[in-house]
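Participant: This is the structure I want to talk about, given as C-alpha cells.
All of the numbers you see were taken from the coordinates with simple rules; none came from a lab. This structure is a prediction, so every number in the text was calculated from the model and none was measured. Cβ placement follows ideal geometry from the backbone for every residue including glycine, while neighbour counts extend to all protein chains displayed.
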Amino acid sequence: MRKGQDMPVYLFTGFLEAGKTRFIQETLEDKRFSNGEKTLLLLCEEGEEEYEPDEFVCKTVTIRTIEDQTELTKENLLRLARECDAERVIIEYNGMWMLDPLYTAFPEGWMVYQEFFFADANTILLYNENMRQLVYDKLKSCELVVFNRFRPGTDKMPYHKLVRAASRRADIAYEYADGKVEYDDIVDPLPFDVDAPIIEIGDDDYAVWYRDISEEPKKYEGKTVRFKCLALLRQKLPAETFVVGRHVMTCCVQDIQFAGLVCQWKDAASVQDNSWMILTAKINFKFNRAYGKRGPVLTWISSEPAEAPEQPVATFY
C-alpha cells in the first residue's frame, strides 16, 4: 500500500458454494480489471472450487487465507498488505461471519469500492428462514445481488422481496445454468404517495418510509407528512425539540431498534413522554444539534393522541 493513498477493497460475500470463487476467478482473468496492480486476495473460507492463479491476467496476485475470525485485526491486515506491497485487496468473505468485525478491522484508508453478494437460488430462501440475521447482514450494504443456478420459470418475486426487505438500492441479477443473466426489473413502488399534498404513512409502512427518508432525505424537502408515532422527551435534546418514531425490526427480535426523527415545536415540553400520537409535520433537510449533522427535521403542524398500532414494532414485511 502506498503511503497516503486509500486502499480499494472489493468485497465478495455469500454462503459456501454460492459462486464467489468462480466470479472472482473470472474477474481476475478479465483484462479490463487488471492494470498490473499488486493484489492481495484474502480467502476467509475454503470451498470445493479452487483458484487457478496461472489463469489470472495480473501475475502480481498474492493469495492469503484467514482461517479464523480472530485473525481479522488491523495489525494483521496491514501486515498481509505490506508483505506483498498491495495496491488493492479482494476479500472472499465467510458467509457465517457477520460483517461488522471485518469493517472494524479495516486499517485507516481501507475503503470498500464494491460489494457483491452471491447466493444459490436453490438454497437461499431456506437460509433466510433459518439464518435471517446472517442473510440480512450481507444484503443491507451490497451493491449487487447475484442469484446463481436460477431455474427457468421460477417466480422471481420471493427473491426480489428478500433483497428489498434489506435494501432498495442493490441491483439484482439472476444467472441461469447456461450462463444467461437477467436483471431484475420488477417495479417496486412505495406504499405511499410522495407527491401527495400530505404524505400519509400507514401503520404498516413506517419502516419502509423511515428507510426511504434516511436514504433519500432530499426527496422529502418541504413535504408534509402524517403518521402515527411514539413521542419521546429527552433531556439532552435542544429546547423546543422532541423525538418521534417507531421501534423497527430489521431482521430478527435481537435487532429491534428505535427509528426516530427530530421534531421541533415551541410547545414540545407539553408532550407526554412515551405517548402515541398522530403527527402532521413539515420535513426539511438541515443541520440539527440532536443529530450533530444534517438530517431530516420535522416541524410540528398538528398532533392528536392515539392508541398504539396493532403491531407496535414496525417491520419491512
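Participant: Using only the alpha carbon atoms of the stretch 199-314, find the Kirkwood hydrodynamic radius as the inverse mean reciprocal pair distance, in angstroms to one decimal.
Facilitator: It works out to 14.3 Å.
Participant: Now for a different question. On full extension of the chain, what length is gained from Val181 through Phe285, given 0.36 nm per residue of separation minus the C-alpha to C-alpha distance?
Facilitator: 33.5 nm
Participant: Filter Lys20/Lys180; Lys236/Lys266; Lys140/Lys286; Lys138/Lys218; Lys138/Lys219 down to the pairs with a C-alpha to C-alpha distance above 23 Å, please.
Facilitator: From Lys20/Lys180; Lys236/Lys266; Lys140/Lys286; Lys138/Lys218; Lys138/Lys219, over 23 Å: Lys140/Lys286; Lys138/Lys218; Lys138/Lys219.
Participant: Then there is this: Which one, His247, Gln272, Gly292, is farthest towards the positive end of the dipole of the stretch 199-314 when Lys and Arg carry +1 and Asp and Glu -1 on their Cβ?
Facilitator: Value: Gly292.
Participant: State the answer as a single residue: which of Met111, Ile213, Pro152 lies farthest towards the positive end of the charge dipole of the chain, with beta carbon charges of +1 for Lys and Arg and -1 for Asp and Glu, about the Cα centre.
Facilitator: Farthest towards the positive end: Ile213.
Participant: By how many nm would the segment from Glu67 to Asp171 lengthen if fully extended, with 0.36 nm per residue of separation less the alpha-carbon distance?
Facilitator: Stretched fully, the Glu67-Asp171 segment lengthens by 34.4 nm.
Participant: Nearest 500 deg cm²/dmol is fine: what mean residue ellipticity at 222 nm does the chain get from its DSSP H runs of n ≥ 4 alone, each adding -39,500 (n - 2.57), divided by its residue count?
Facilitator: -5000 deg cm²/dmol
Participant: Which of Phe23, Pro312, Ile186 sits farthest toward the positive end of the charge dipole of the chain, with +1 on the Cβ of Lys and Arg and -1 on the Cβ of Asp and Glu?
Facilitator: Pro312
Participant: Whole number please: convex hull volume per residue of the Cα set in the stretch 7-183, in Å³?
Facilitator: 120
Participant: Given R₀ = 35 Å, FRET efficiency for Glu108-Leu233 by Cβ-Cβ distance, to 0.05?
Facilitator: Using R0 = 35 Å, I get an efficiency of 0.35.
Participant: For the chain, list log₁₀ I(q)/I(0) at each q in 0.08, 0.09 Å⁻¹, using the Debye formula over Cα point scatterers of equal strength and ignoring solvent, two decimals each.
Facilitator: -0.48, -0.59
Participant: So, one more: Hey, any idea what Rg/Rh is for the stretch 152-246, computing Rh the Kirkwood way over Cα pairs?
Facilitator: 1.12
Participant: If you count the DSSP beta bridges with both ends in the chain, what percent of them are antiparallel, to the nearest 5?
Facilitator: Bridges in the chain that DSSP calls antiparallel: roughly 45 percent.
Participant: Hey, another quick one. Using a 7 Å offset from the Cα along the Cα-to-Cβ direction at both Val194 and Ile278, what is the distance between the two label points in nm, to one decimal?
Facilitator: It works out to 2.5 nm between the two label points.
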